[in-house]
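Report on one structure; see the data block that follows.
What follows draws every value from the coordinates through simple rules; no lab data is involved. Computed from a predicted structure; not experimentally measured. Cβ placement follows ideal geometry from the backbone for every residue including glycine, while neighbour counts extend to all protein chains displayed.
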């Protein structure tokens, strides 16, 4: 017997979505009032998208994969980010009050934003290289290739994100103006993005080999992270700062998103 619905939406999906929004609002409000000068919209956006990505991963991958990916994506990102801020191993930088209170020099909302795009990049690469949102690769060499592809897919987003967040919102400050870089952002930053994303992706892809098979999926639902990735790229075309960055998304994130969508549309019969 089919479950109850409201305007065609299953009630459990509707209540779950409402729960994610309420939790994100409560968390964001708590962080916002703790730090004068914080921008509520940026905090809420990061928390909401992170929790929504976790909920989507739960439904698409199953809980065993979802919570492990979330723990790695948020936990390891925070630890490595805190290490980078405290040791200044790469180009020195620090966060401002814009993203809310900080712990060990890092706003807690930052790993939520990382997980959102890491998850979208992970699913996108799976679609392109596997023709499915799920990866069933067992070969270590193939896993390294997919982790590297995920890192590249994630890092090209930062070509527009970092200049925008630094120039428009002053969310963080690069302290070495003389460091070689791209539009004021040190090249060392992009190398750090590649390294961090590669480590997290590699660990998760190695870990998931021993987990139970993920549940069946609906194609439209499984392509949602790809669409989010593409829409975020499109937003860079609209509001990118400096204006030169607005030319990048069609040739970076746009191509990646279209390739994943094309693969998804080719494999109707494999989708439950």
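Applying 0.36 nm per residue to the separation of residue 55 and residue 23 and subtracting their alpha-carbon distance, the gain on full extension is 10.3 nm. Compared with the dominant Cα axis of the chain, that is its longest principal axis, helix 77-87 is turned about 10°.
If one takes the longest principal axis of the Cα atoms in the chain, at what angle in degrees, from 0 to 90 and to the nearest 10, does the Cα axis of helix 140-167 lie? Approximately 50 degrees, to the nearest ten. Spacing of the modelled spin labels on residue 39 and residue 86, each 7 Å from Cα toward Cβ, amounts to 2.8 nm.
Extension gain, residue 210-residue 227: 0.36 nm per intervening residue step, less the Cα-Cα distance, totals 3.2 nm.
Calculated from DSSP H runs of 4 or more alone, at -39500 (n - 2.57) each and per residue, what is the 222 nm mean residue ellipticity of the chain, nearest 500? Using -39500 (n - 2.57) per qualifying helix, the result is -21000 deg cm²/dmol. Its residue count N sets the reference 2.2 N^0.38 Å, and the alpha-carbon radius of gyration of the chain equals 1.01 times that reference.
Can you give me the angle between helix 253-266 and the longest principal axis of the chain, using Cα atoms only, in degrees from 0 to 90, rounded to the nearest 10? Between the helix axis and the principal axis of the chain, the angle is about 0 degrees. Estimated from the Cβ-Cβ distance and a Förster radius of 41 angstrom, the FRET efficiency linking residue 203 and residue 262 is about 0.90. Centre-to-centre, using Cα atoms only, region 183-244 and region 119-141 are separated by 12 Å. Within the listed set 117, 146, 237, the residue fluctuating most in the Gaussian network model of the chain (springs between alpha-carbon atoms under 10 angstrom) is 237. Using r as the Cβ-Cβ distance of residue 247 and residue 175, and R0 as 35 Å, what FRET efficiency do you calculate, to the nearest 0.05? Approximately 0.80, to the nearest 0.05.
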